[in-house]
Amino acid sequence: MVAQYPRDVRCGQLRSRAWGLEMTLKWRRRLLDALHSRHHEEAQADKLSSRFTMTEASPAIEVRGLEKSYGSRQILCGVDLTVPAGETLVILGGSGSGKSTLLRCLMGLEKPDAGTVKVHGHDLAAVPRETLSGLRQRMGVAFQGSALFGSLTVAGNVDLPLKELTDLPASTRRIIVQIKLALVGLEEAAQRYPSELSGGMQKRAAFARAMALDPDLLFCDEPSAGLDPVTAVGLDRLLIELREVFNMTLVVVTHEMESAMTIAQRLVLMHKGRFVVSGTPQEVRQNQNPVVRSFLDRVPEEEPPGGLRYQRLIQAWEDDD
Ligand SMILES: Nc1ncnc2c1ncn2[C@@H]1O[C@H](COP(=O)(O)OP(=O)(O)OP(=O)(O)O)[C@@H](O)[C@H]1O
Ligand SMILES: [Mg+2]
């Protein structure tokens with residue numbers, strides 16, 4: 001029998017984020033109970049467990065020799081990475097260094113040219129389609145550009161994965177959507193469309209959608225870019241809470257050094273398609289590799305010899321004429 005949700009849970013009760021988080025915990029348990037009861041038959045349970053086999057020893061993510069090119073441009077040049085379950089990894093790196101490309105490979109959205117990407121022990125390039133989609137259901141993603149559907153309200157966007165990937169009744173989904181929106185402080189904006197939100201609100205809505213299915217692996221691409229400092233700190237806190245309360249594995253790409261140092265258990269710095277350093281925030285701060293120093297100390301790249309770049313550009317135009 002499917003467990004019933006209590007009727008007295010009202011949207012109005014979901015005011016504070018702390019309370020929202022607490023509720024999420026309760027609802028997560030209830031949701032799992034409900035799903036468990038629904039799929040009570042042995043056969044169904046067997047099918048699920050075979051789709052999601054994972055050994056205790058499997059890291060959440062294991063990447064070996066990953067290479068990816070677009071046309072003749074090689075973006076990832078042999079990336080090796082292991083992310084133990086429950087770790088918060090922050091990926092730093094200059095613009096265009098390949099961070100988002102790496103995230104897409106980790107989610108199985110891009111096919112590597114060489115190397116392997118394993119998630120919970122499964123090689124994404126080798127698993128059957130059904131397993132891949134099962135694994136994807138355990139991943140949440142907040143894309144760099146929010147990627148909300150403009151024709152759906154905020155609530156509709158958060159509801160979408162629940163509607164498409166579960167068979168929960170609409171009434172239950174509505175409550176889950178409210179909880180997720182409360183988590184990111186967007187309860188009041190539930191019925192607005194993405195075009196009616198500020199950039200920061202869109203980011204938070206994308207984050208709520210990424211959390212919709214209670215993923216155990218969450219990818220965030222520049223979660224706090226464009227947010228005011230107070231909201232950004234709130235989001236950092238939320239990420240830390242998620243790790244601590246749900247033991248979620250987080251992979252976060254960010255340019256915000258303060259945020260990176262606050263949330264990371266481990267940091268990697270990507271440069272020209274490779275990691276040049278990997279360590280705790282403290283270790284990375286003390287690293288003397290010139291690329292690391294230049295990134296952390298915000299020292300711009302040296303001008304190529306022969307004068308200022310723009311002067312050479314103008315010279316090139318004049319030469320063309
Ligand atoms: N689909 C694509 N087709 C062709 N080139 C691409 C594609 N996606 C990314 N690139 C190129 O790959 C390089 C790395 O892009 P990527 O988006 O991974 O960088 P990034 O490190 O996330 O940068 P940013 O910090 O600006 O978001 C860039 O030069 C980009 O132009
Ligand atoms: Mg990017």
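The values are calculated or read from the model by the stated rules, or taken from the named source; none is laboratory data. Keep in mind that what you see is a predicted model, and the values were worked out from it rather than measured. Using ideal geometry, Cβ is built from the backbone for each residue, glycine included, and neighbour counts are taken over all protein chains shown.
Can you name the number of the only condition in (1) on the phi > 0 side of the Ramachandran plot; (2) touching a residue at least 60 places away in the same chain (Cβ under 8 Å) that residue 143 fails?
The single condition residue 143 does not satisfy is (1).
One line per residue, one yes/no per condition, for (1) farther than 30 Å from residue 297 by Cβ; (2) within 16 Å of ligand 2 (Cβ to nearest atom):
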{"residue": "143", "(1), (2)": "no, yes"}
{"residue": "153", "(1), (2)": "yes, no"}
{"residue": "170", "(1), (2)": "yes, no"}
{"residue": "191", "(1), (2)": "yes, no"}
{"residue": "200", "(1), (2)": "no, no"}
{"residue": "205", "(1), (2)": "yes, no"}
{"residue": "243", "(1), (2)": "no, no"}
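Return the residue satisfying two criteria in turn: it lies in the range 124-141 and is away from ligand 2 (no atom under 16 Å from the Cβ) and β-branched (Val, Ile, Thr), and of such residues it is farthest from residue 164 (Cα to Cα). Steps first, answer last, please.
Pass one, the range 124-141, residues away from ligand 2 (no atom under 16 Å from the Cβ): 124-140.
Next cut, β-branched (Val, Ile, Thr) only: 127, 131.
Working: 127: 22, 131: 17 Å.
The qualifying residue farthest from residue 164 (Cα to Cα) is 127.
Going through the range 115-145 one residue at a time, which ones are over 21 Å from residue 248 (Cα atoms) and small (Gly, Ala, Ser)?
Answer for the range 115-145, where residues must be over 21 Å from residue 248 (Cα atoms) and small (Gly, Ala, Ser): 115, 125, 126, 145.
How many of the residues making up the range 148-174 are part of a helix (DSSP H, G or I) and hydroxyl-bearing (Ser, Thr, Tyr)?
Within the range 148-174, the subset part of a helix (DSSP H, G or I) is 154-165, 170-174.
From the residues that got through so far, the ones that are hydroxyl-bearing (Ser, Thr, Tyr) too are 171-172.
The total comes to 2.
Any idea how many residues of the range 247-258 are in contact with a Leu (Cβ under 8 Å, 6 or more places away or on another chain) and buried (at least 19 other Cβ atoms within 10 Å of the Cβ)?
Of the residues in that region, 7 qualify.
Among the aliphatic types (A, V, I, L, M), in contact with a helix residue (DSSP H, G or I) (Cβ under 6 Å, 6 or more places away or on another chain) and over 25 Å from residue 99 (Cα atoms): which single residue out of 152, 165, 160 fits that description?
Details: 152 fails: in contact with a helix residue (DSSP H, G or I) (Cβ under 6 Å, 6 or more places away or on another chain); 160 fails: in contact with a helix residue (DSSP H, G or I) (Cβ under 6 Å, 6 or more places away or on another chain).
Sole residue among the options that is among the aliphatic types (A, V, I, L, M), in contact with a helix residue (DSSP H, G or I) (Cβ under 6 Å, 6 or more places away or on another chain) and over 25 Å from residue 99 (Cα atoms): 165.
Restricting attention to the range 62-101, report how many residues are more than 16 Å from ligand 2 (Cβ to nearest atom) and at positive phi. Steps first, answer last, please.
Step one: filter the range 62-101 for residues more than 16 Å from ligand 2 (Cβ to nearest atom), giving 62-67, 69, 71-72, 74, 77-78, 80-88.
Okay, now just the ones that are also at positive phi, so 65, 71, 78, 86.
Residues flagged as more than 16 Å from ligand 2 (Cβ to nearest atom) and at positive phi within the range 62-101 amount to 4.
Mind checking which pairs have a first residue in the range 164-190 that is within 20 Å of residue 231 (Cα to Cα) and a second that is crowded, with 20+ Cβ neighbours inside 10 Å and among the basic types (Lys, Arg), Cβ under 6 Å, 6 or more apart or different chains?
Taking only residues 6 or more apart or on different chains, the pairs are 184/204; 186/204.
Quick one: would you say residue 234 is out of contact with any Ser or Thr (no Cβ under 8 Å at 6 or more places or on another chain) and farther than 24 Å from residue 164 by Cβ? So that I can check it myself, show each step before the final result.
Working: out of contact with any Ser or Thr (no Cβ under 8 Å at 6 or more places or on another chain): yes; farther than 24 Å from residue 164 by Cβ: yes.
Criteria met by residue 234.
Name the single residue that is nearest to ligand 1 (Cβ to nearest atom) among those in the range 219-274 being among the basic types (Lys, Arg) and either outside any loop (DSSP other than H, G, I, E, B) or under 15 Å from the mean Cα position of the chain (by Cα) (or both). It would help to see each step written out before you state the result.
Residues of the range 219-274 among the basic types (Lys, Arg): 237, 243, 266, 272, 274.
In the following step, the residues that additionally are either outside any loop (DSSP other than H, G, I, E, B) or under 15 Å from the mean Cα position of the chain (by Cα) (or both) were identified as 237, 243, 266, 274.
Numbers: 237: 24, 243: 23, 266: 18, 274: 12 Å.
So the residue we want is 274.
How many residues are within 22 Å of the chain's Cα centre (by Cα) and assigned to a helix (DSSP H, G or I) if we restrict to the range 175-188?
If we filter the range 175-188 for residues that are within 22 Å of the chain's Cα centre (by Cα), which is where we start, we get 176-187.
Next, from what is left, pick out any that are assigned to a helix (DSSP H, G or I): 176-183, 187.
So the count comes out to 9.
So which residues in the range 143-174 are crowded, with 20+ Cβ neighbours inside 10 Å, within 19 Å of the chain's Cα centre (by Cα) and at pLDDT 90 or above, if there are any at all?
148, 154, 157, 158, 159, 162
Could you please find all residues in the range 82-121 being at pLDDT below 95, more than 26 Å from residue 208 (Cα to Cα) and more than 16 Å from ligand 1 (Cβ to nearest atom)?
121
So for the range 169-180 (the condition being of a type in the set (A, V, I, L, M, F, W, C) and farther than 30 Å from residue 264 by Cα), does at least one residue qualify? Spell out how you get there, then give the answer.
In the first step, residues of the range 169-180 are kept if they are of a type in the set (A, V, I, L, M, F, W, C); the result is 170, 175-177, 179.
Now drop any that are not farther than 30 Å from residue 264 by Cα, which leaves 170, 175.
Scanning the range 169-180 turns up at least one residue that is of a type in the set (A, V, I, L, M, F, W, C) and farther than 30 Å from residue 264 by Cα.
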